[in-house]
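Written out below as structure tokens is the structure these notes cover.
The values are calculated or read from the model by the stated rules, or taken from the named source; none is laboratory data. Keep in mind it's a predicted model, so treat the numbers as computed, not measured. Because the Cβ atoms are built from the backbone with ideal geometry, glycine has one as well, and the counts that use them run over all protein chains shown. To get the accessible areas, we keep the full protein, side chains included, count just its heavy atoms, and leave off ligands, DNA and RNA. Shrake-Rupley method; radii C 1.70, N 1.55, O 1.52, S 1.80 Å.
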Amino acid sequence: MRIVLVNMPWGSVEIPSLALGILSRALRVRFPDAEVEVLHANIDYVDWLSRESPVTLPDYELFSLHSFTTGGGDFVFSSALYDDPDWRWPQLVAAVAGGRSERDLALLRRLHRSAPAFVAELAERIVAGRPDLVGFTATFQQTTAALSAAKHIKRLAPEIMTIMGGASCDGPQGAALHRNFDFLDFVQRGEGEVAFPQLVAELAGDRDLAAVSGLCWRDGDRSVANAMSTKPLPPNEIVAPDYDGYFERLASSAARTWTDPKLVMESSRGCWWGEKHHCTFCGLNGSFMEFRSKSPRRFFDEIVELTGRHRVLDIFMVDNILDMNYLTSLLPELAAADHDFRFFCEIKANLRREQVQLLADAGIVNVQAGIENLSSHVLGIMDKGISGCQNVRMLRDAESCGVWVEWNYLYGFPGETVSDYASVVAQMPALHHLPPPHSVGRFAVERFSPYFNRPELGFPDLAPDPQYAMMYDLPESELFELAYLFAVPPRGIDEDVAAELAAAVDRWAASYQRSRLTSADRGDHIELVSERSAFDWRTLTVDDPLELTALRLLDRPHTSAALTRKLADRFPGLGDGAVSALLSRWRELGLLYSDGGQHVSTAPLANNQALTRVSRGARTTWTPSAPLVGSEGRLP
């Protein structure tokens, strides 16, 4: 059997497809005589566009990264799906009036009009290879591209079987896609390492399609959706990816000058925090929240094998959250290895400084810490299990250890108040030396999230986001089943307060590179150095024994009462007023962040921050999947 697996636009060009790397290896192991090819159609698209006029990485990322909540990437290929280069263009222009630059709108128009020609050429090339089965992965802004290619292949060669899978096909979404697009022979929902090879075996044998978990198939004209597995794949059955061919294809592409290629890997699936407290806005892990991780030894061996095979040391981890057990197992082994690994991974922000240093020593230089907000009240509404002061501590300690933090500021939660933001905005000038948010925005309601599943949390009236009606010619009931994002009435703060928040973050971002606050503990005194526009002091020495003790205690968040109690143990007779006065004075100097009754020092340990920031400028481009707005949230 000949099988072609296709990674369509707008899959990132700087990393291979993890899904297709896993499936191709699973198929080759199960069927050594089968011919399995991975087609990097996303890279092909870059080269195809470049024949007429060069495209840039920002051009591509406008659709691959920055149109998640607006659907720009999927809209491009809706013209190919419906064989109409002008498909709903007037409606699109009316919908985005004033919301896009003229250049971006012209680029969208060019790509939308030309998409049918690219898809037709791609389909002809695939059909010429006479495959038996063509599979498409679809995750964020790849859905219409995959659908249009499958449609054109089926039109040219009805005997070729087509299948689609990926995050866009999870649960009801996959059933809706199969039900509404009859050129899809199959849609595979859920984890595919076992199910997809089982389907191939059934196609080559008895064709007992009802036996394949999660499969959508056709019984005559009727779409049948098999029940999805109720048990997630054990970690020892998670297949390591095969990326042979990707790096060679990228090296021959016009995209080779865009960025250095990276490996994409996974050590775990699910979320150990989400098992206990599902963050209210998080729609990830739709099928399986249960956390499963590979053994430290196995994953270390995978890292060494893949980096050695492909001579690439930059690694993008797709795990939703780091296995805390790795802090005492995998990370020390990585630190001791004679390799210059550079990892991006997602973590929980409650790590202590020594744990953040472990990340840095292991080569984890870029993290997404799920910060999302700096108000403990709002974080509680999100069910994040962390405080605003802990989030600031993470930013501070990452700055101390040379780890870059990716994060975004989310708002719009039912129950949040103006005061949740006024206090934070007022204190932001004291944080200008710490990594600023990448963006600010109202969060989007996602399928599978508690806000989607539990209307009593504040969103009883859900409707499919308007982008889906722009792309698909389907009734609203079907759009609801197909959609991942949903339109809801705004909750929480109004747009005036949101604008104040965004302006404060803009000032933070503009000031970051030239701002500094550092702390050097010399034993009998602490030296502080500040270069922040909101504060006119430059150096400060803390040598009073009580103040030294207090500042060291505030390395971790403390309430006023807890701080007073600990100080009183060492300085008898200390009154509440003295501590309150000290905290007030330090807040005026920008040495503290206060929220939810807690206080924490904002001063990182002194190191060569200026040089660290030079290298960080490159690391902030590590965004090969959906927009990095937090470990769960995504924004345009």
Of the residues Lys231, Lys294, only one is at pLDDT below 95 and charged (D, E, K, R); which? Lys231
Unmet criterion (only one of (1) in contact with a strand residue (DSSP E or B) (Cβ under 9 Å, 6 or more places away or on another chain); (2) farther than 29 Å from Pro261 by Cα; (3) of a type in the set (D, E, K, R)) for Arg2: (2)
Quick check on the stretch 296-309. Is at least one of its residues part of a loop (DSSP other than H, G, I, E, B) and open to solvent by 50 Å² or more (accessible area, probe 1.4 Å)? no
Failed item in (1) hydrophobic (A, V, I, L, M, F, W, C); (2) farther than 30 Å from Thr143 by Cβ; (3) in a helix (DSSP H, G or I), with Ala534 passing the rest: (3)
Let me confirm something: among Glu495, Glu500, Glu531, which residue is open to solvent by 50 Å² or more (accessible area, probe 1.4 Å) and in contact with a helix residue (DSSP H, G or I) (Cβ under 7 Å, 6 or more places away or on another chain)? Glu500
Output for the stretch 119-165, where each listed residue is among the small types (Gly, Ala, Ser), crowded, with 24+ Cβ neighbours inside 10 Å and outside any helix (DSSP H, G or I): Gly135, Ala138, Gly165
Filter the stretch 553-575 for residues that are surrounded by 13 or more Cβ atoms within 10 Å (Cβ to Cβ), among the charged types (D, E, K, R) and free of Cβ contacts under 8 Å to residues at least 40 places away in the same chain and give the result. Arg565, Lys566
Please enumerate the residues belonging to the stretch 192-241 that are closer than 30 Å to Lys294 by Cα, open to solvent by 30 Å² or more (accessible area, probe 1.4 Å), under 34 Å from the mean Cα position of the chain (by Cα) and not small (Gly, Ala, Ser). Val194, Gln198, Met228, Thr230, Lys231, Pro234, Pro235, Asn236, Glu237, Val239
Answer residue from the stretch 378-400, given it is free of Cβ contacts under 8 Å to residues at least 60 places away in the same chain and open to solvent by 10 Å² or more (accessible area, probe 1.4 Å) and is nearest to Glu495 (Cα to Cα) among those: Gly380
From the list Ser519, Ser533, which residue is modelled with pLDDT of 95 or more, within 15 Å of Leu592 (Cα to Cα) and small (Gly, Ala, Ser)? Ser519
Counting only residues that are without any contact (Cβ under 8 Å) to a residue 60 or more places away in the chain, part of a helix (DSSP H, G or I), open to solvent by 40 Å² or more (accessible area, probe 1.4 Å) and not hydroxyl-bearing (Ser, Thr, Tyr), how many does the stretch 463-492 have? 3
For strands (runs of 3 or more DSSP E) lying entirely in the stretch 363-449, having 1 or more residues that are within 28 Å of Leu553 (Cβ to Cβ) picks out 364-368, 404-406
Could you please find all residues in the stretch 451-462 being exposed (fewer than 13 other Cβ atoms within 10 Å of the Cβ) and assigned to a loop (DSSP other than H, G, I, E, B)? Pro460, Asp461
For the stretch 89-100, which positions are over 14 Å from Phe63 (Cβ atoms), open to solvent by less than 70 Å² (accessible area, probe 1.4 Å) and not aliphatic (A, V, I, L, M)? Trp89, Gly99
